[in-house]
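Taken together, the values in this text are just the output of simple stated rules run on the coordinates, not laboratory data. If you're wondering where the values come from, they're calculated on a predicted model, not measured in any experiment. No Cβ is skipped: glycine too gets one built from the backbone with ideal geometry, and neighbour counts run over all protein chains shown.
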Amino acid sequence: MNAKTQKLPAPGGPTGAPESDGANSMWGGRFAAGPAEAMEQINASIGFDRRLYAQDIAGSKAHCAMLVHQRIISQEDGAAILGGLDAILKEIEAGSFVFKTSLEDIHMNVEARLAELIGDAAGRLHTARSRNDQVATDVRLWTRDAVDRLEASLRDLQAVLLDQAEAEADTVMPGYTHLQAAQPVTFGHHMLAYVEMLGRDRGRLQDCRRRMNESPLGAAALAGTSFDIDRDATAATLGFDRPMANSIDAVSDRDYALEFLAAGAIVALHLSRLAEEIVLWCSAGFRFVTLSDAFTTGSSIMPQKRNPDAAELIRGKAGRVIGALASLLIVMKGLPLSYGKDMQEDKEPLFDAADTLQLCVTAMTGMIADMKANRTALKAATAHGFLTATDLADWLVRVLGMPFRQAHHVTGSIVKLAEDRGCGLEQLPLSEMQAFEAGITEDIFSVLSVENAVASRLSSGGTAPERVREAVAAAKERFL
Ligand code: ARG
């Protein structure tokens, strides 16, 4: 059995078994025989790049209109090509288009169908173009849409976080460092931290969109073309800001996908941190929030359970998105200029990461919109961990003029006393505190309650409810 005839399992592509029909019609001039089955399978991208059909057809239409305008092809051929491309778009959208693995990718599937529909004129579409600038154009257009979709969804997530921030601007909870109770904060303030993170994520997406929005079309294989094409025209038609300046760079660059994946990896990381907090907050040790039925599952054996599966999956899927970035970085790192077929491997991680991010942001938005902060449990948790110790030290500095380092030391001794007694700072008798520092007065109790501690954090960006409400209003202006 030779390699050519050896039977391999059917590929996972859309059409099942590949249809081998001898030498390839696109380059059959020099090829007498068709590819081995394994060659066809390793070479084919139609199983995944069919998702580029709309971008591929838009790019071809822009190219065709430009060829007509430049008198490189005739009006009649141009009209036939444009009509055929529209018909193909309809077929694909209706589900009646037959994708063929033997035709390798979306570009050749569309072109072959165009030839079936309009005959010889189809062969003129590829004048002054290569699949190298074609695929670079298609994937750029697709990525640009993915960026816009993700950015809009992140805005929706910011909106529901802002609703929570507004509703819980006065809700006190322990703030943590090292996951150790540190100082009291408000739940609203904590929500606003994520609003800021997502704001930077949107900024990164906007930045990469700006850089990616240049047209590779017209770079042809790598060197440009001898035809008098108008790259400004095709760039404008496709909504690009300008043509890419260098034809070699145009076909070999995948920075736009890498930048999207890098920005996306940070989005995934942010979602994962929020998801992790939600998982913790739902657990019996915390009970800080309650999730809705719509975003939790029960257990098939333990009737009491309500599991935060959506949050866990968002945390888990971050691995896929970060993996997609690593995967494309590694594909690209050793490639000489310009195009290499390795670059066909850009699509699956790109598509998977974009889909995964979209789903995660949507699920997170639903989960946060439904989430209920348990004010009683949040308040109760502030009773542990001497959260107002810093306020005590600050009082010694402010009222007694003590250097902060000394105040820290005195407070440490008072905390140790409360710890030994098993009580809170505010439950210590004044006389016992005075044993450590004679200047302490009754007024000390005014800073030992969590409400007062929170209300006093009025510095810009601080957790005082007043500041939180202002920050919510400002964030609405900045982000919504
Ligand atoms: N399917 C290919 C890809 O995704 C299209 C470009 C192929 N170009 C070539 N000269 N073989 O990269």
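Observations on the model:
- With Cα atoms, 0 to 90° folded angle of helix 75-94 axis to the chain main axis: 50
- Ranking LEU114, THR362, GLY439 by Cα position along the charge dipole of the chain, where only Lys, Arg, Asp and Glu carry charges on their C-beta atoms, puts GLY439 farthest toward the positive end.
- Principal-axis tilt of helix 309-332 within the chain, Cα atoms, nearest 10 degrees: 50
- Charge dipole (debye, nearest 20) of the range 312-370; +1 at Cβ of Lys and Arg, -1 at Cβ of Asp and Glu: 160
- Cα centroid separation, the range 255-326 to the range 200-238 (Å): 36
- Dipole-positive endmost among LEU448, HIS63, GLY334 within the chain (Cβ charges, Cα centre): GLY334
- Counted charge near ARG71, where neighbours are those whose Cβ lies closer than 13 Å (Asp, Glu -1; Lys, Arg +1): -3
- For the range 329-355 versus the range 34-105, the gap between their alpha-carbon centres in whole angstrom: 21
- Relative contact order of the chain: 15 percent, from C-alpha pairs under 8 Å at least 6 residues apart in sequence.
- 27 Å Cα-Cα threshold exceeded, pairs from LYS317/LYS379; LYS305/LYS379; LYS317/LYS372; LYS305/LYS372: LYS317/LYS379
- Mean ellipticity per residue at 222 nm, deg cm²/dmol - from DSSP H runs of n ≥ 4 across the chain, formula -39500 (n - 2.57): -19000 deg cm²/dmol
- Of THR376, PHE479, ALA324, farthest towards positive along the dipole that unit charges on Lys, Arg, Asp, Glu beta carbons give the chain: ALA324
- Angle in degrees between helix 389-400 and the longest Cα principal axis of the chain, rounded to the nearest 10: 60
- Net dipole in debye of the chain [+1 Lys, Arg Cβ; -1 Asp, Glu Cβ; about Cα centre; nearest 20]: 420
- Relative contact order of the range 165-221, taken over Cα pairs closer than 8 Å and 6 or more residues apart, is 27 percent.
- Dipole check for the range 276-376: with +1 at the C-beta of Lys and Arg, -1 at the C-beta of Asp and Glu, and the Cα centre as origin, the magnitude is about 360 Debye.
- Whichever lysines have a C-alpha closer than 18 Å to that of LYS90, once near sequence neighbours (fewer than 8 apart) are set aside: LYS61, LYS100
- Spacing of the two label points (7 Å from each Cα toward its C-beta) at ILE301 and ASP241, in nm: 5.8
- Qualifying aspartates and glutamates (Cα of each under 17 Å from Cα of LYS347; at least 8 residues distant if same chain): ASP49, ASP56, GLU104, ASP105, ASP133, ASP138, ASP145, ASP253, ASP255, GLU259, ASP355
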